[in-house]
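First up is the structure itself, then whatever we jot down about it.
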Amino acid sequence: MSALAALLRRDIRVALRVGGGALIGMLFFLTVVVLMPFALGPDLALLRRLGPAILWLGAMLASLLTLDRLFLADSEDGSLDLLVMSRTPLELTCATKAVAHWLTAGVPLIVITPALGLLLNLDLLATAAVALTLIAGTPALTFTGMIGAALAVTLHRGGLLLAVIVVPLSIPVLIFGVAASTAAITGPLSFGTPFSILCALSLASFVIGPFAAAACLRQRMD
Amino acid sequence: MFGPYATFIVGSYAVVAGVIGALIVWVAWDHRRQTATLRELEASGVTRRSARGKTAAP
Amino acid sequence: MAVIDLANPTRFLKLVERVLPWLALATAVTLAIGLQQSLAAPDDYQQGATVKIMFIHVPNAWLAMFVWGVMSLSALGTLVWRHPLADVSAQAAAPLGAAFTFLALVTGSLWGRPMWGTYWEWDARMTSVLVLFVMYLGLIALWRAVEDPARAARAAAILTLVGAINLPIIKFSVDWWNTLHQPASVLRAGGPALDNAFLIPLLTMGVAFSLLFVTLHLAAMRNEILRRRIRSLRMMQAAQGAA
């Protein structure tokens, strides 16, 4: 257990240090949202209607972009090999790394959501709904994306291949995330149904993600 | 003969025939190319371990 | 001949040589019968002659899903039993699956034009098949990204299994999303109560396309085995040249 705690502390510290790139995802999220009015026009009513979708798309792209850092740095300096060979179950190691990644790359996205909601003319309730669905949904994005990150580091290919592989798997999270936010703002559907399915998706990804990622990393060794 | 939508019906059958024809041609052509290369390699003396035992003992 | 004997590629190749002509013949005969039956099938009272597109659309859509199933079984073979033929089977099946999925999309779109008035409708079934198509392309990209087939095989196997788990979830999500945004308005034949006049040609075509897939799959596996053999010979040649 202490090994996992040490790993968690280390990953968070590395991510927050200069060159760690935890905050670059946040900056990217801001850029995507700022870009939208230039494409759609500064129509506040329209932006308000599309707000949850824009925020969700931006958060999804931002978390996708930061994903290849999940195993890459460790693979470059060799510590990934030590992690794979250590006595701690690799599935737990993967889960811990994903949690650390979510804390440093996912949480900042949620933190700036209220500010971005302001730019998109969302009221307090709507912003809160989007932030809540992001809290429930971004772990699923991280844990599903971890599979792609593990594949990418195994194959020494990153970037676009990772995006192409991960995006189809994240479609359900996007659907239910946006649906739950919209349901909270405009109705007529109840917020509970899509939100609980979103939580279920997150829980399922907690199981599938670490096992698949650990399987990938084990293949890397032989 | 297929009513007002003949273009769509004939078109869809044509697309299916075209793609499947292309698949068949690709598989057949690939097979010919691979066997030719294999024969070439074996003619130039590169053989597999299992095939080598009979002719020359190391 | 036991399954374990098939692990020997040479024996497998011999078996394929023997079986392939008969399979091709069976495919051609069934396809001819199926085409004749679909030509003879009556028009639907609602859709008119466009119902004929169903006879090629449904088998392709069925194969689109079936091929992913075949690849998942092969993936299990790769990961659990390290069966050398499983790698080959998965690699050979991926482009075929992508082709069948593409055909399901195109025929669905051509069927939809007279029915819906547009070539593309974000209909639940069409959207799921589109996502499936993107996943096939991602898988092929993964195969093509790596030189060494054995390493690519294991990575692709994991992705295939993750996809197999996720596909039902995606299907469910898309269905849910679709009912949210537009209640199903277009009536389509193809429910459980399909008249025999349509069912028999459809089943024949289904069998014909399945046979076609098996034939192409075995032939593509044979090519892949030869390709790998050439690859290892080339590497041996290079090693000897270096020595």
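Every number in this text was worked out from the coordinates using simple rules, so none of it is lab data. From a predicted model like this one, the values you see are computed outputs, not experimental measurements. Quick reminder, even Gly has a Cβ in these numbers, built from the backbone with ideal geometry, and neighbours come from all protein chains shown.
Computed values, structure above
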{"quantity": "Chain C, relative contact order in percent, only Cα pairs under 8 angstrom and at least six apart counted", "calculated": "33 percent"}
{"quantity": "Dipole-positive endmost among C:GLN37, C:ILE225, C:PRO59 within chain C (Cβ charges, Cα centre)", "calculated": "C:ILE225"}
{"quantity": "Summed residue charge, Cβ within 12 Å of C:LEU132's Cβ, Lys/Arg positive, Asp/Glu negative", "calculated": "+2"}
{"quantity": "Most mobile listed residue (A:ALA126, A:ALA45, A:ALA95) in chain A, GNM with C-alpha springs under 10 Å", "calculated": "A:ALA45"}
{"quantity": "Mean Cα-pair separation over length for chain A, i.e. relative contact order, pairs under 8 Å, 6 or more apart, %", "calculated": "26 percent"}
{"quantity": "Overall Cα dimensions of the stretch A:11-121 - principal axes, largest extent first, Å", "calculated": "56, 24, 19"}
{"quantity": "Fluctuation leader among C:SER128, C:SER38, C:SER173 - chain C, Gaussian network, Cα springs under 10 angstrom", "calculated": "C:SER173"}
{"quantity": "Phi-based couplings in Hz for the stretch A:135-152 (Karplus 6.51, -1.76, 1.60; Gly and Pro marked x)", "calculated": "4, 6, x, 5, x, 4, 4, 5, 6, 6, x, 4, 4, x, 5, 5, 4, 5"}
{"quantity": "Whether the stretch C:1-129 is rounded, prolate or oblate, judged on the alpha carbon gyration tensor where a/c under 1.5 counts as rounded", "calculated": "oblate"}
{"quantity": "Farthest positive-ward along the protein assembly as shown dipole, Cα basis, beta-carbon charges - from C:VAL162, A:LEU132, A:CYS199", "calculated": "C:VAL162"}
{"quantity": "Cα convex hull of the stretch A:2-221, projected area averaged across orientations, nm²", "calculated": "11.9 nm²"}
{"quantity": "Top positive-direction residue, dipole computed over the protein assembly as shown with Cβ charges, set C:VAL106, A:ILE208, A:PRO52", "calculated": "A:ILE208"}
{"quantity": "Total charge dipole magnitude, the protein assembly as shown, about the Cα centre, Cβ charges on Lys, Arg, Asp, Glu only, Debye to nearest 20", "calculated": "1620 debye"}
{"quantity": "Chain C: C-alpha pair distances exceeding 33 Å, %", "calculated": "29 percent"}
{"quantity": "Cα gyration tensor, the protein assembly as shown - rounded (a/c under 1.5), prolate or oblate", "calculated": "oblate"}
{"quantity": "Within a Gaussian network of chain A (alpha carbon springs, distance under 10 Å), most fluctuating of A:LEU118, A:LEU23, A:LEU198", "calculated": "A:LEU118"}
{"quantity": "Net charge, C:ALA93 excluded, C-beta distance under 12 Å - Lys, Arg +1, Asp, Glu -1", "calculated": "-2"}
{"quantity": "Ranking of C:PHE55, A:PHE38, A:PHE191 by count of other Cβ atoms within 10 Å, fewest first", "calculated": "A:PHE38, A:PHE191, C:PHE55"}
